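A.B. asks: Sharing a structure, written as structure tokens. Questions coming.
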Amino acid sequence: MLSRRQFTTGLALAGVAAPYVARAQSPIRLRLAHAAAEVHPGHISAVTFKEAVEKLVPGKVNIQIFPNRQLGDDKPNLEATVAGTIDMCSSSGILYPLVTGRPGLDAPQLPFLIKDYDHFGRLATGPAGRALLDDLAGAGLVGLQLTDIGTRNFLSVAKPVKKVADFAGLKTRIVPVPLHKAIWEAVGTAPIGLPYGEVYGALQTKVIDAVEINVSSMLGENLWEVGKHMTLTGHYPWHNVLAINKAKFDSLPKDVQDAMREAGRISTLQTLDYAKKQDFGARDELKKKGVVFYDLEDLNDMKAKMAPLVEQYAKKSPLIEAYVKAAQAG
């Protein structure tokens, strides 16, 4: 039988231990925002990352995903992650140089540099891709995942683009960054910078004539309702980067940090597999919705017009130069 002293001491110890146990069992909560619809590979990149982290460190992390522009479009989500008002974001890679001033992530979208999804995967999980993510530390971010959420083609409303000459003068939506402006001016279009969420309305009201886009975005944003002419140019991948605020990452336990890095690698490959299957499989679905697909008859001429940009951008950064060399080596 316990004495009064033993009983009191036991209660005191329990009172100290119980809150500690509760804290140890409470998962770390992180918010991850992105702009894509749930059918889009951009959402799959977030879901597969979340699942991989939570499997690697069971019960330690709870990642809450906010898809479909719930917390904002790509650029505001990225800016909020840099500021630390959102823990994590999954945003278009081309926006990272614009927001952070770090030019490296222009590299994956240099025209006709990447051959296909498998080629992208080798680069993304190799030293050249890892270096692009690591460079974000200088901007207060930790890059965890670099993936391709859909090879880009060309969607036009009024008439099909079958030859390079057909690009001339078309008001074409681009992400308002210098690389995209240079690429689309090279083939004669009139580039217009617009947020992703405004594309549907701009095509519908003829504010723009065309958009360079991927199959997943045509489905996710219902662009097939307003554009029926898709030219299969395959000019570059749409690279997507999942990143976390560096101060938040540095505050996490080491095993969670390691799990997040590994989850980035795992989810990169899972997302690529999904994007590849959707890209080719969904074309039949779009055909049923009235979309007509065309091959560009003089694709080599398009490549020739854009080729100087690869060399020009490689000179801007050792990271870009290394990535270009790795891509050209296969």
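Quick note: the coordinates plus some simple rules give every number you see, no bench work behind them. The structure displayed is predicted, hence computed values, not measured ones. Here the Cβ positions follow ideal geometry from the backbone for every residue, glycine too, while neighbour counts run over all protein chains shown.
A.B. asks: State, as an integer percentage, the relative contact order of segment 110-175 based on alpha-carbon contacts under 8 Å between residues 6 or more apart.
C.D. replies: 22 percent.
A.B. asks: What does DSSP give for the chain in terms of the percent of beta bridges that are antiparallel, rounded to the nearest 5?
C.D. replies: Looking only at bridges with both residues in the chain, the antiparallel portion is about 50 percent.
A.B. asks: May I pose another question? Can you order the peptides 137-150, 90-103 by their average number of other Cβ atoms within 10 Å per residue, highest first? Provide the component values of the computation, followed by the final result.
C.D. replies: On the way: 137-150: 23.5, 90-103: 21.9.
Descending packing order for the listed peptides: 137-150, 90-103.
A.B. asks: For K228, go through the aspartates and glutamates and keep the ones whose alpha-carbon is under 12 Å away, minus same-chain ones fewer than eight residues off.
C.D. replies: D209
A.B. asks: Right, here's the next one. Using Cα atoms only, what is the angle between the long axis of helix 318-328 and the major principal axis of the chain, expressed in degrees (0 to 90) to the nearest 10?
C.D. replies: 70
A.B. asks: Could you state the angle between the C-alpha long axis of helix 74-83 and the longest principal axis of the C-alpha atoms of the chain, as a value from 0 to 90 degrees rounded to the nearest 10?
C.D. replies: 40
A.B. asks: Dipole of the chain, Cα-centred, from +1 at each Lys and Arg C-beta and -1 at each Asp and Glu C-beta, to the nearest 20 debye?
C.D. replies: Using only the charged Cβ atoms, the result is roughly 760 debye.
A.B. asks: Let me ask another. Given a Förster radius of 41 Å and the C-beta distance between K55 and N222 as r, what FRET efficiency does 1/(1 + (r/R0)^6) yield to the nearest 0.05?
C.D. replies: Computed FRET efficiency for K55 and N222 comes out at 0.75.
A.B. asks: If you don't mind, there's one more thing I want to ask. For segment 70-153, just run the numbers: alpha carbon Rg, then divide by 2.2 N^0.38 Å, N being how many residues it has.
C.D. replies: Numbers: Rg = 12.9 Å, N = 84, 2.2 N^0.38 = 11.8 Å.
Expressed relative to 2.2 N^0.38 Å, the Cα Rg reads 1.08.
A.B. asks: What angle, in degrees between 0 and 90 and rounded to the nearest 10, separates the Cα long axis of helix 41-56 from the longest principal axis of the Cα atoms of the chain?
C.D. replies: 20
A.B. asks: Using the charge dipole of segment 47-175 (Lys, Arg: +1 at Cβ; Asp, Glu: -1 at Cβ; taken about the Cα centre), state which of T85, T172, G126 has its Cα farthest towards the positive end.
C.D. replies: T172
A.B. asks: Then there is this: Under a straight-distance cross-link criterion of Cα-Cα below 23 Å, which lysines are reachable from K325, leaving out those fewer than 8 residues away in the same chain?
C.D. replies: Result set, ordered by chain and number: K115, K303, K305, K315, K316.
A.B. asks: Taking the Cα centre of segment 259-330 as origin, sum charge times position over the Cβ atoms of Lys and Arg (+1) and Asp and Glu (-1), and report the length of that vector in debye to the nearest 20.
C.D. replies: For this selection, approximately 260 debye.
A.B. asks: With the contact rule set at Cα under 8 Å and sequence spacing of 6 or more, what percent relative contact order holds for segment 44-203? Write down the numbers at each step before the final one.
C.D. replies: Details: 137 pairs, mean separation 23.8, N = 160.
Worked out over segment 44-203, it gives 15 percent.
A.B. asks: What number, in percent, do you get for the relative contact order of the chain if the mean sequence gap of Cα pairs under 8 Å and at least 6 apart is divided by its residue count?
C.D. replies: That works out to 26 percent.
A.B. asks: Right, something else. When you take every Cα atom in segment 42-94, what is the radius of gyration, and what is Dmax, the widest Cα pair distance, in Å?
C.D. replies: 11.7, 34
A.B. asks: Modelled label-to-label distance, E311 and K277, 7 Å Cα→beta-carbon offset: nm?
C.D. replies: According to this spin-label approximation, the distance is 4.2 nm.
A.B. asks: Given the rule -39500 (n - 2.57) for each run of at least 4 DSSP H residues, summed and divided by the residues of the chain, what is its mean residue ellipticity at 222 nm, to the nearest 500 deg cm²/dmol?
C.D. replies: Rounded to the nearest 500, the figure is -15000 deg cm²/dmol.
A.B. asks: While we're here: In debye, nearest 20: dipole of segment 178-324 around its Cα centre with unit charges on the Cβ of K, R (+) and D, E (-)?
C.D. replies: For segment 178-324, the charge dipole is close to 240 debye.
A.B. asks: Using only the Cα atoms of segment 111-157, what do you get for the radius of gyration and for Dmax, in Å?
C.D. replies: Reported Rg and Dmax, both Å: 13.3, 42.
A.B. asks: Where the convex hull is taken over the Cα atoms of segment 183-298, what is its projected area averaged over directions, in nm²?
C.D. replies: Averaged projected hull area, Cα only: 9.7 nm².
A.B. asks: Roughly what would the spin-label model give for A190 and D258, points 7 Å off Cα along C-beta, in nm?
C.D. replies: 5.8
A.B. asks: Next question. Work out how far the C-alpha atoms of the chain reach from end to end along every principal axis, then list the three figures in whole Å, largest first.
C.D. replies: The Cα atoms of the chain stretch 95, 43, 30 Å along their principal axes.
A.B. asks: A follow-up question, please. Using only alpha-carbon positions, what ratio does the radius of gyration of segment 113-199 give when scaled by 2.2 N^0.38 Å?
C.D. replies: Dividing the Cα radius of gyration by 2.2 N^0.38 Å gives 1.36.
A.B. asks: Which shape class, rounded, prolate or oblate, goes with segment 237-330 when its Cα gyration tensor gives a ≥ b ≥ c as root eigenvalues, a/c under 1.5 marks rounded, and past that a/b bigger than b/c marks prolate?
C.D. replies: In terms of gyration-tensor shape, oblate.
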